[in-house]
1. Hey, among the residues in segment 310-340 that are of a type in the set (D, E, K, R) and assigned to a helix (DSSP H, G or I), which one's farthest from residue 355 (Cα to Cα)?
2. Out of the strands (runs of 3 or more DSSP E) lying entirely within segment 161-250, which hold 2 or more residues that are out of contact with any strand residue (DSSP E or B) (no Cβ under 8 Å at 6 or more places or on another chain), small (Gly, Ala, Ser) and surrounded by fewer than 16 Cβ atoms within 10 Å (Cβ to Cβ)?
3. Only residues in segment 117-143 that are assigned to a loop (DSSP other than H, G, I, E, B) count as the first member; pair them with residues that are open to solvent by 50 Å² or more (accessible area, probe 1.4 Å) and aromatic (Phe, Trp, Tyr), Cβ under 7 angstrom, at least 6 apart or cross-chain, and list the lot.
4. Suppose we filter segment 388-414 for residues that are part of a loop (DSSP other than H, G, I, E, B), open to solvent by less than 10 Å² (accessible area, probe 1.4 Å) and small (Gly, Ala, Ser); how many remain?
5. Of the conditions (1) modelled with pLDDT of 90 or more; (2) in a loop (DSSP other than H, G, I, E, B); (3) closer than 20 Å to residue 93 by Cα, residue 147 satisfies every one except a single condition; which number is it?
6. Considering only residues of segment 150-160 that are part of a loop (DSSP other than H, G, I, E, B) and open to solvent by less than 40 Å² (accessible area, probe 1.4 Å), which is farthest from residue 243 (Cα to Cα)?
7. Being open to solvent by 10 Å² or more (accessible area, probe 1.4 Å) and either under 30 Å from residue 247 (Cα atoms) or modelled with pLDDT of 95 or more (or both) narrows it down to one residue among 432, 437; which is it?
8. Out of 607, 539, I need the residue that is open to solvent by less than 60 Å² (accessible area, probe 1.4 Å), more than 29 Å from the chain's Cα centre (by Cα) and in contact (Cβ under 8 Å) with a residue 60 or more places away in the chain. Which one?
Amino acid sequence: MTLNNDTLQLTTAQAIIRWLSNQYIEIDGVEMRVCGGGFGIFGHGNVTCLGEALNNVREELPLYRGQNEQSMGFAAAGYTKQWLRQRFMFCTASAGPGTSNLLTSAALAHANRLPMLLLCGDTFLTRLPDPVLQQMENFNDPTFGVNDAFKPVVRYWDRIMHPAQIIQSLPNALATMLDPADCGPAFLGLPQDVQGWVYDYPAVFFEKKVHRIRRQTPDALEIADAVAALKAAERPMIIAGGGVQYSRAVAELTTFAETHNIPVVETIAGRANLLDTHPLNIGPIGVTGSDSANAVAEKADVILAVGTRLQDFTTGSWTAFAKDAKLVAINAARHDAGKHMSLPIVGDAKLSLTALGQALDYQTPQDWVDFAQTERNTWQAYVEQNTGQGNGPNSYAQSIGVVNKLCDKRDRVVAAAGGLPAELTANWRTLDIGTVDVEFGFSCMGYEIAGAWGARIAQAEQEPDQDTITFCGDGAYMLMNSDIYSSVLSQKKLIVMLLDNGGYAVINKLQNNTGNESFNNLLEDCPTIPEPFAVDFEAHTAAMGATAERVSNPAEMEDAFKRAKASDKTYVIIMDVDPYEGWTKQGHTWWEVGTPHITEDENVRNAHIDWESSRAKQRKGV
């Protein structure tokens with residue numbers, strides 16, 4: 001670095017990192033860097049320049065060494081979820097396959113509206129050494145490369161073609177990541193030569209800046225429309241989504257619901273908006289929901305959706321609601337607020353709920369609340385039985401019951417793909433606010449362990465004495481497990497509940513439910529596997545430094561979980577679960593999946609007819 005009057009002479013890479021390390025945010029009265037650090041795997045496309053710059057800020061921006069670029073992105077997503085999108089991590093990967101491995105992670109962050117900064121190597125801008133190692137040559141457009149594949153899965157994309165460009169690009173990228181309406185991943189392609197080029201940057205560009213996350217005030221006329229709709233309601237309902245937590249509006253949601261006595265149901269992302277014991281918490285809604293929430297949704301005449309994008313698992317592919325029910329949607333994003341002809345309130349959830357509550361003079365009819373609470377009590381009894389030990393063979397629900405009973409109320413639980421998100425959403429009894437992370441926006445196998453590692457890094461910055469507990473099936477484990485090793489290396493303890501059902505059991509269940517015979521999901525049903533055998537997960541996880549033990553039943557799991565809580569390093573508990581029995585059979589709305597309209601298989605044909613019979617309930621975009 002060279003200081004010359006009011007300029008600093010830096011390489012492009014040095015300038016990026018210097019600027020990033022001087023961006024702050026205030027959270028609960030405490031200033032901290034908005035970027036908590038990063039995850040990186042170095043290669044020739046990022047080690048020489050960006051690596052040199054990062055080495056000089058080891059304390060300010062700690063860099064966690066990744067094992068897999070995709071899992072780095074999952075870890076970054078878990079980190080920012082724990083921080084409620086107020087802080088983020090960057091991911092850096094080399095040019096070519098290292099960068100392309102981040103595509104799935106970017107898509108996960110995009111679907112879940114999560115900030116993530118991707119600093120990725122790119123081919124040489126001068127093209128003098130072309131074609132270079134790991135370059136994808138496009139014969140008709142030499143500017144079109146692997147990094148262009150990120151354009152559909154990020155909210156901000158740029159390729160840095162001159163050092164001065166970052167003076168515009170970096171603030172734009174950060175503004176996107178901190179925008180409640182447009183939040184998502186930002187991608188910067190960094191050509192290998194440009195990373196090392198020098199520029200005299202204005203010194204003021206690197207001065208400390210404290211950022212705020214915008215809170216958009218709702219429009220008064222939109223509030224008035226919503227008030228009119230709610231005042232006419234006889235059977236109102238609130239759908240509380242993940243945006244409630246990102247807005248830090250749980251208190252406002254609770255006050256609004258209590259003041260007007262309106263039943264509340266939760267989306268998958270909105271789990272842990274209300275405590276399980278709150279009398280207006282009617283349960284999770286949708287395909288992986290509860291009979292109680294779905295019964296209320298089916299009869300509701302006005303639905304207030306707060307901070308939700310109304311994904312198909314929430315709406316039952318739009319069969320969960322009466323066709324004449326009116327939707328009112330509070331959302332920071334205009335796109336989400338106007339779905340299915342909703343009356344939109346485009347604005348921050350905290351401010352919008354406050355404004356709506358002040359303008360609304362209304363009390364829900366007590367017979368409607370009584371109905372909702374009766375349904376909830378019935379569902380609670382089902383969950384008690386479903387998660388209880390001895391009610392059948394080992395199941396996901398039983399293991400969830402064990403953890404729910406023994407964990408601390410501020411421990412964080414994580415799940416992602418396969419059958420566990422549905423089982424956790426339906427059966428988990430929330431002990432404290434904001435303690436559940438079910439990644440079902442993109443539902444990525446592999447997030448279970450990697451996302452939990454990122455969540456634990458963030459949790460250690462906030463609540464170091466609590467635990468991050470992740471539920472993982474054998475299929476997801478086999479896809480991506482190396483961050484068990486990362487967690488041990490970085491001394492960020494996880495508790496991993498590894499439940500083995502011999503393959504992709506939930507997809508086998510869907511296969512069977514649509515009339516198909518079991519094929520290529522469970523190991524025993526794969527024609528190309530002559531002699532199926534199970535992985536020794538205890539040995540495998542122990543080889544990565546974790547403490548591991550296998551249990552035979554939920555009773556043994558209780559004792560093992562107590563040992564895991566007492567341990568100071570990552571602890572893996574393995575239990576076999578039945579792939580056929582023990583699924584949560586209640587709490588499901590219809591879900592639209594494609595089934596064959598013509599087939600010679602009678603079972604498949606009958607299943608198609610049965611599946612399609614519920615389509616009559618589907619709202620057609622209104």
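The values are calculated or read from the model by the stated rules, or taken from the named source; none is laboratory data. Given the structure is predicted, the values throughout are model-derived calculations rather than measurements. Cβ placement follows ideal geometry from the backbone for every residue including glycine, while neighbour counts extend to all protein chains displayed. Only protein heavy atoms, including side chains, enter the accessible area calculation; ligands, DNA and RNA are left aside. Shrake-Rupley method; radii C 1.70, N 1.55, O 1.52, S 1.80 Å.
1. Step one: filter segment 310-340 for residues of a type in the set (D, E, K, R), giving 312, 323-324, 326, 334, 336, 339.
Now narrow it down to the ones that are assigned to a helix (DSSP H, G or I): 312, 334, 336, 339.
Values: 312: 29, 334: 18, 336: 19, 339: 22 Å.
Filtering first and then ranking leaves 312.
2. Correct list: empty, since no element meets the threshold.
3. 130/124; 132/124; 138/144
4. Taking segment 388-414 first, the residues part of a loop (DSSP other than H, G, I, E, B) are 388-395, 407-411.
Applying the additional criterion that residues be open to solvent by less than 10 Å² (accessible area, probe 1.4 Å) yields 395, 411.
Next, only the ones that are small (Gly, Ala, Ser) stay: 395.
Looking only at that region, the number is 1.
5. Of the numbered conditions (1) modelled with pLDDT of 90 or more; (2) in a loop (DSSP other than H, G, I, E, B); (3) closer than 20 Å to residue 93 by Cα, the odd one out for residue 147 is (2).
6. Kept after step one, since they are part of a loop (DSSP other than H, G, I, E, B), are these residues of segment 150-160: 154-155, 160.
Right, trim to open to solvent by less than 40 Å² (accessible area, probe 1.4 Å) and you get 154, 160.
Details: 154: 19, 160: 33 Å.
Out of the qualifying residues, it is 160.
7. Of the residues listed, the single one that is open to solvent by 10 Å² or more (accessible area, probe 1.4 Å) and either under 30 Å from residue 247 (Cα atoms) or modelled with pLDDT of 95 or more (or both) is 432.
8. After applying the criteria, what remains is 607.
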